[in-house]
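A short write-up of the structure that comes next.
None of the figures in this text is laboratory data; all of them are computed from the coordinates on show. It should be emphasised that the depicted structure is a prediction, and the values quoted were computed from it without experimental measurement. Glycine also receives a Cβ, built like all others from the backbone with ideal geometry; neighbour counts cover every protein chain displayed.
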Amino acid sequence: MSPDTTPQDPRPESSHRPESSPRPESSEVAYAAAEAAYDAGQQSGTMLQVIAPDGAVIRPDLLPDPATRLHLYRQMRRARHFDERGWVLYRQGRLGVFPPFGGMEASQVGTAAALTKDDWLFPTYRDTGAALTLGLPIARTLAYWRTSPHGWHMPADLKVLPFYIPIATQYPQAVGAALAEQRRGTRNVAMAFIGDGGSSEGDFHEALNFAGALNAPCVFILQNNGWAISVPTRHQTRATDLSRRADGYGIPGVRVDGNDALATYHVTREAVERARSGGGPTLIETVTYRIKPHTVADDPTRYRTDADNAGWDAKDPVTRLRVHLLAEGLMTEASEADLLADIAAEFEAALAEADSYPEPTPAEILDHVFAEPTPQLKKQREEILAEHVAQTQAAQGHKEQA
Ligand SMILES: Cc1ncc(C[n+]2csc(CCOP(=O)(O)OP(=O)(O)O)c2C)c(N)n1
Ligand SMILES: [Mg+2]
């Protein structure tokens, strides 16, 4: 075929651009404006803040009582401690691949703190901080990230699902749990987490539509942390305000500073109350940032530079609430030191408990899937056990020969 007879490519210019080429100008400009608005404090924008990045109070009318503020700080510190110790344990070979969430504590703690233990929590792999806040024991959580079956059992008094690895599947399932509560006539709600990347999946949209149509008591938390592994939010969608996705389904959409625990707590409490009292679902976009790698096994220097992260250290959620509590006289450096010592001791005791769990056997990978195992699972179990016995005998034989 000669060049002049090449059929015209029917796709618009933007849909077949190579990965490395610049994005449409409109998307870049819109994102630059949104980021500048955040840096300016965003007080006049659509993103709610209660305290500014420097700790100054913007909305005194929305401050929760002192005990709640201290509770949120404690939970954020517990979460951060887990995240920091998680890195060390991974490097020591004492934890498996673990997705860090440091820098996103306000987004996870402020939201989960609005629930009670009668409510459901559907976390993603990123949401260890939310699960710990609702009461998931640290030892079980460590066991989960060790891929041990001891981490798969939920305590009987908690309705926290295991951390979801497949993106977005938790959203329709949370709607199902919420509808079950609605049918049983309780006031319990279901809260589900998702990332910016997950909000481009079909399951996200189906769940919002389903929840809106059936008035499900659901609170959808969309953590916009700027990245889906190596893809920045601005490259995967032209939308700059993901909370507006709620409009398409006729449900309230709220945008909140995800690094301000008092703001995330305020909007989530409102959404939970609305759901409990029959007002239906809400989508909350928490605007935050994944300052750490995607997982402990990821190397973000391959796809982003320090310039991409610029400004986010100064928006740190833990520091923000800390400065506020010290300024208000709700905490002193001495009382904080006691708190941190308590948290460290709690973690080390939980680590010792996790270390005491027996090593899993290979066939346990098939346990706890169904109450009654299927014939296929039974067969696979026998095969795995036979293989394990053969391997153990072979290893024993080698030892005896040596
Ligand atoms: C259904 C599905 N598709 C793809 C993946 C691979 N994957 C793992 S994490 C991830 C990015 C998710 O980004 P986001 O939703 O923004 O969450 P974040 O990691 O930022 O918390 C992808 C695509 C997956 N786990 N499940
Ligand atoms: Mg993300």
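Between Q391 and A239, 0.36 nm times their residue separation minus their Cα-Cα distance comes to what?
Here the answer is 49.3 nm.
Once a ≥ b ≥ c are taken as the square roots of the eigenvalues of the Cα gyration tensor of region 113-200, is the result rounded (a/c under 1.5), prolate (a/b larger than b/c) or oblate (a/b not larger than b/c)?
Judged from the Cα gyration tensor, region 113-200 comes out oblate (a/c at least 1.5, b/c at or above a/b).
Amide H to amide H, which residues 5 or more places from V296 or on other chains are under 5 Å from it, using H placed in the peptide plane?
The list, which skips near neighbours in sequence, is F98.
Can you tell me how much longer the chain between T68 and E84 gets when fully stretched, taken as 0.36 nm per residue apart minus their C-alpha distance, in nm with one decimal?
Details: separation 16, 0.36 × 16 = 5.76 nm, distance 2.42 nm.
Fully extending the segment from T68 to E84 adds 3.3 nm.
Compare S199, S277, S243 in a GNM of the chain, Cα atoms joined below 10 Å, and give the one with the largest fluctuation.
S277
Where does each of 328-340, 226-238, 59-71, 139-151 land if you order them by average Cβ count within 10 Å, highest first?
139-151, 226-238, 59-71, 328-340
Give the long-range amide H neighbours of Y164: residues separated by 5 or more places, or on another chain, with amide H under 5 Å away, using H modelled in the peptide plane at 1.01 Å from N.
Sorted by chain and number, the residues that satisfy this are T124, Y125.
List the aspartates and glutamates whose Cα sits under 17 Å from the Cα of K378, skipping any in the same chain fewer than 8 residues away.
Within the straight-line cut-off, K378 pairs with E364, D367, E387.
Name the lysines eligible as straight-distance cross-link partners of K315: C-alpha to C-alpha under 21 Å, and not fewer than 8 places from it in the same chain.
Filter leaves K292.
From the helices alone, meaning DSSP H stretches of at least four residues, give me the mean residue ellipticity at 222 nm for the chain, per-run term -39500 (n - 2.57), in deg cm²/dmol to the nearest 500.
Numbers: 13 runs with 178 residues, N = 402.
Helices in the chain give a 222 nm mean residue ellipticity of -14000 deg cm²/dmol.
Hey, got the dipole for the chain? About the Cα centre, +1 on K and R Cβ, -1 on D and E Cβ, debye to the nearest 20? Don't jump to the answer; show the numbers that get you there.
Working: 39 positive and 53 negative charges, 121 e Å.
Using Cβ point charges on Lys, Arg, Asp and Glu, the chain gives about 580 debye.
Per residue of region 253-269, what does 6.51 cos²θ - 1.76 cosθ + 1.60 with θ = phi - 60° give for ³J(HN,Hα)? Whole Hz please, x for Gly and Pro, Karplus curve as stated.
Going residue by residue, I get x, 10, 10, 9, 5, x, 10, 10, 4, 6, 6, 5, 5, 4, 5, 6, 4 Hz, with x marking Gly and Pro.
Once you list every other residue whose beta carbon is under 14 Å from the beta carbon of D118, what net charge do they have if Lys and Arg are +1 and Asp and Glu are -1? Spell out each step's value before the answer.
Numbers: positive: K117, K159, R184, R187, R276; negative: D119, D157, E181.
Cβ neighbours under 14 Å give a net charge of +2.
Under 1.5 on a/c is rounded, so check that first for region 362-401, then, if it is not, pick prolate when a/b is larger than b/c and oblate when it is not; a ≥ b ≥ c are the square roots of the alpha carbon gyration tensor eigenvalues.
It comes out prolate by the Cα gyration axes.
Contact order normalised by length for the chain, with contacts defined as Cα pairs under 8 Å and 6 or more residues apart; what percent is it? Spell out each step's value before the answer.
Working: 622 pairs, mean separation 80.9, N = 402.
Averaging sequence separation for qualifying contacts and normalising by length gives 20 percent for the chain.
Shape of region 195-325 from its Cα gyration tensor (a ≥ b ≥ c, root eigenvalues): rounded if a/c is under 1.5, otherwise prolate when a/b > b/c, or oblate?
Oblate, since a/c reaches 1.5 and b/c is not below a/b.
At q = 0.13 Å⁻¹, what is the log10 ratio I(q)/I(0) for the chain, with the Debye formula run over Cα points and no solvent?
Debye curve over Cα of the chain, log10 I(q)/I(0) at q = 0.13 Å⁻¹: -1.15.
Want the number for I229 to D247: 0.36 nm per residue separation, take away the alpha-carbon distance, what's left?
The I229-D247 span can extend by a further 3.8 nm.
Mean-square fluctuation check for the chain, GNM, Cα pairs under 10 Å: which of A386, A190, A261 is largest?
The residue with the greatest mean-square fluctuation here is A386.
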